[in-house]
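The values are calculated or read from the model by the stated rules, or taken from the named source; none is laboratory data. Please read these numbers as outputs of a predicted model, since none were measured by experiment. Cβ placement follows ideal geometry from the backbone for every residue including glycine, while neighbour counts extend to all protein chains displayed. When the accessible area is computed, the model is the full protein with side chains, heavy atoms only, and any ligands, DNA or RNA have been set aside. Shrake-Rupley method; radii C 1.70, N 1.55, O 1.52, S 1.80 Å.
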Amino acid sequence: MSEYTIGIIGALGAVGEQIRNILEDSSINIKGVRMFERPELEGEPATFAGEEIPCQVATRGNLSECDIATMSAGSTASKKLAPMAVEAGCVIVDNSNQWRMDPQVPLVVPEVNPEDLQWHEGIVANPNCSTIQMVVALKPLHDQYGIERIVVSTYQAVSGSGTDAIKELKSQTESIVNGEEPKHEVYPHQIAFNALPHIDTFQENAYTKEEMKMVHETEKILSKDIEVSPTAVRIPIYRSHAESINIQTEKPIDPDEARELLKGEPAVVVQDNPEENHYPLPIDAEGKDAVFVGRIRRDPTIKNGLNLWVVSDNLRKGAALNTVQIAETMVERKLI
């Protein structure tokens, strides 16, 4: 069995930490691990399998020691480092927005479109967290019934904005409880005890960049013929994104049939018993790998309409787990 040296770029970030943890139990036969961080964190230790490994600054030389590297360091770093890594013979799985819509770069969710890995040229893009959980839940329904239109509203945790956002929510909550005025820096408004219909920057069409990611990424992953109407909302929870999804299909769709179809998907857990108040919750999804689906019900206002409630841990399946699964799939298919 072949052995692989894995690089983790952005090893000390929230997603990098999750990648390190998930890789410890990966099916990849790992020969060694290299940790990479920005210059001010050079030498800081990142733990893997009980060993503390000092972080390096990524160069063409040390990237050439890696067979594959995950990158969770933002678009600016990815634009510079990914081509360098490819030149050095290292395959990159990138978590940023830099390469997602590049026609030469596959955008992959292994349960949905693993075949796209066949045409990679050294870089594979990991989709946006909210897109990942949505397409995992919708892929079997699309295959069976043909989805024509999606209306989705997301309810996204602050961890999607990074560790500073987590700290800000905690700080604001403590201030309000203590009767003090909360301060905000990460978000344009107070996030504690609030909801912000504003994720990323607004575009000329009045949608945000986050919302348009869901439009374009769904077209690239599932089908360019699917229309997507999104609204992305930031809510004051630490982890796991929730989505209210309404679909309209080409063929008649029955809620019971859809429920049974989803129960057959290994990556999906159906939690759908309203009589016992059983439905997906963000606090229950935290730390889990699955995409949880519930509140499956007919939309009586449109032909062939269905509503679903979908929840998943944005740091795991929405980022780190999907990244590792891409790497595992590439190894299994001998694409590295």
Review point. Which of the pairs Lys209/Lys317; Lys263/Lys288; Lys80/Lys139 have their Cα atoms more than 24 Å apart in this structure?
Key: Lys80/Lys139
Check your understanding: What accessible surface, in Å², does a 1.4 Å probe find on Ile176, ignoring ligands, DNA and RNA and rounding to the nearest 10?
Key -> 60
Study note, to complete from the structure: Those helices of the chain passing the 20 Å axial Cα length cut-off and the mean Kyte-Doolittle cut-off of -0.5 (DSSP H runs only) are 129-145, 163-177
Point to revise | Integer Hz, Karplus 6.51/-1.76/1.60 couplings in order for region 312-317, x for Gly and Pro | key: 7, 6, 5, 8, 9, 4
Review point. Length gain on complete extension for the stretch Met1 to Ser75, per 0.36 nm per residue less the alpha carbon to alpha carbon distance?
Key: 23.2 nm
Practice item. Add +1 for every Lys or Arg and -1 for every Asp or Glu among the other residues with Cβ under 12 Å from the Cβ of His241, and state the total. Key: 0
Review point. Roughly what would the spin-label model give for Glu227 and Glu51, points 7 Å off Cα along C-beta, in nm?
Key: 5.5
Study note, to complete from the structure: Taking placed amide H atoms and a strict 5 Å upper bound, the residues 5 or more places from Arg34 or on another chain that come that close are Ile6, Gly7, Ile8
Check your understanding: Going by a ≥ b ≥ c, the root eigenvalues of the Cα gyration tensor, does region 104-206 fall in the rounded group (a/c under 1.5), the prolate group (a/b larger than b/c) or the oblate group?
Key -> prolate
Review point. Residue separation times 0.36 nm, minus the C-alpha to C-alpha distance between Glu219 and Arg298: what's the value?
Key: 26.0 nm
Exercise for review: Note down the magnitude of the dipole of the chain about its Cα centre, charges +1 on Lys and Arg C-beta and -1 on Asp and Glu C-beta and zero elsewhere, to the nearest 20 debye.
Suggested key: 380
**Study point:** Burial order of peptide ranges 86-92, 204-210, 112-118, 311-317 (average beta-carbon count within 10 Å, highest first)
**Key:** 311-317, 86-92, 112-118, 204-210
Practice item. Calculate, for Glu115 and Ile176, the FRET efficiency according to 1/(1 + (r/R0)^6) with r their C-beta to C-beta distance and R0 35 Å; round to the nearest 0.05. Key: 0.10
Exercise for review: Compare Met101, Met35 by solvent-accessible area with a 1.4 Å probe and give them largest first, with all protein chains kept in place.
Suggested key: Met101, Met35
**Study point:** Hypothetical label at Asp143: residues of region 257-294 whose amide nitrogen lies under 13 Å (7 Å Cα-Cβ projection)
**Key:** 261-268
Review point. Which far-off residues, 5 or more places away or on another chain, put their amide H under 5 Å from the one on Ile92, with H placed in the peptide plane?
Key: Ala69, Ile123, Val124
Exercise for review: Would you work out what percent of the accessible area of the chain, with all protein chains in place, is carbon or sulfur (probe 1.4 Å)?
Suggested key: 46
Study note, to complete from the structure: Using a 1.4 Å probe on heavy atoms of the protein chains only, the accessible area for Trp119 in Å², nearest 10, reads 100
Study note, to complete from the structure: Compactness summary of region 259-336: radius of gyration and Dmax from Cα atoms, Å, are 15.5, 49
Review point. Is the shape of region 1-100 best called rounded, prolate or oblate, per the rule: a/c under 1.5 gives rounded, else a/b larger than b/c gives prolate, else oblate, with a ≥ b ≥ c the square roots of the Cα gyration tensor eigenvalues?
Key: rounded
Check your understanding: Mind checking which lysines have their C-alpha under 17 Å from Lys303, skipping anything on the same chain fewer than 8 residues away?
Key -> Lys251
Check your understanding: What is the chain by shape, rounded, prolate or oblate, if you read a ≥ b ≥ c off the alpha carbon gyration tensor as root eigenvalues and call it rounded for a/c under 1.5, prolate for a/b larger than b/c, and oblate otherwise?
Key -> oblate
Check your understanding: If you count, for each residue, the other Cβ atoms within 10 Å and average over each peptide, how do 37-46, 139-148, 57-66 line up from highest to lowest?
Key -> 139-148, 57-66, 37-46
Check your understanding: Can you tell me the accessible area per residue over the chain, all protein chains present, probe 1.4 angstrom, in square angstrom?
Key -> 46
Study note, to complete from the structure: Counting only residues 5 or more apart in sequence or on a different chain, those whose built amide H sits under 5 Å from that of Thr231 are Val152, Ser153, Thr154
Review point. Arranged from highest to lowest average of other beta-carbon atoms within 10 Å per residue, in what order do the peptides 234-243, 278-287 appear?
Key: 234-243, 278-287
